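Structure first, commentary second.
The values are calculated or read from the model by the stated rules, or taken from the named source; none is laboratory data. Keep in mind it's a predicted model, so treat the numbers as computed, not measured. Note that each Cβ is placed from the backbone with ideal geometry, even for glycine, and that neighbours are counted across all protein chains shown.
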Ligand code: HEM
């Protein structure tokens, strides 16, 4: 998993829960680098799982809720790190529809060793999009937060619902409805 995800995760934890919680989860999760990550580095995905589980324990929150909150935070971070990618879109629906064929393709050029999910579009209209998230990492709640945050970024209202097609969250169908 790319370092930018780790650095932004720890920034989110600091902003929401404070520096003491950052220190505590790094200690509790026995990370190899003692919580030091560079945005272009690549680290073991299990370290992210350990940090998330530790955070869930320290702040007594559900892991999926924390991933969702992180997704809300992460969109803004990705926009700050790579404005040239998001600048191509003037509204959220086309952006979400382009994750698979444009956005993550671009990301793969920037970070050749990125492990990205896939998004298969089942149905697409001006105001509704149905797509299936697939990834062995099962970070569907992160995807959920990112989608909602993309709409907030453009000041648009959205309803997002989802169905787990696999109980472990490795395949999830999202229905995204814009209120325009
Ligand atoms: C709303 C739009 C987006 C959604 C729903 C989305 C979804 C995701 C998810 C769920 C992951 C975690 C990996 C996994 O699940 O297997 C991921 C990884 C990633 N995405 Fe996206 N993404 C979006 C837009 C973007 C944009 C705009 C950028 C860059 C400007 C970006 C860059 C990345 C990077 C760098 C990773 C990490 C890959 C790794 O750790 O190896 N994504 N994305």
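Taking the options 155, 138, name whichever one is in a loop (DSSP other than H, G, I, E, B) and either buried (at least 16 other Cβ atoms within 10 Å of the Cβ) or assigned by TED's automatic domain parsing to the domain that holds residue 44 (or both).
From the options 155, 138, the qualifying one is 138.
Yes/no matrix, rows are residues, columns are (1) at pLDDT 95 or above; (2) assigned by TED's automatic domain parsing to the domain that holds residue 18; (3) under 14 Å from the mean Cα position of the chain (by Cα); (4) crowded, with 17+ Cβ neighbours inside 10 Å:
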residue: 54; (1), (2), (3), (4): yes, yes, no, yes
residue: 73; (1), (2), (3), (4): yes, no, yes, yes
residue: 79; (1), (2), (3), (4): yes, no, yes, no
residue: 89; (1), (2), (3), (4): yes, no, no, yes
residue: 92; (1), (2), (3), (4): yes, no, no, yes
residue: 95; (1), (2), (3), (4): yes, no, no, yes
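Report yes if some residue within the range 171-180 is near the ligand (Cβ under 9 Å from one of its atoms) and over 18 Å from residue 5 (Cβ atoms); otherwise report no.
yes
Provide a single number: the residues in the range 112-122 that are over 19 Å from residue 140 (Cα atoms) and either assigned to a strand (DSSP E or B) or touching a residue at least 12 places away in the same chain (Cβ under 8 Å) (or both).
The number of residues fulfilling the criteria is 1.
Do we find a residue being at pLDDT 95 or above, farther than 26 Å from residue 168 by Cα and either out of contact with any helix residue (DSSP H, G or I) (no Cβ under 6 Å at 6 or more places or on another chain) or assigned to a loop (DSSP other than H, G, I, E, B) (or both) anywhere in the range 56-68?
no
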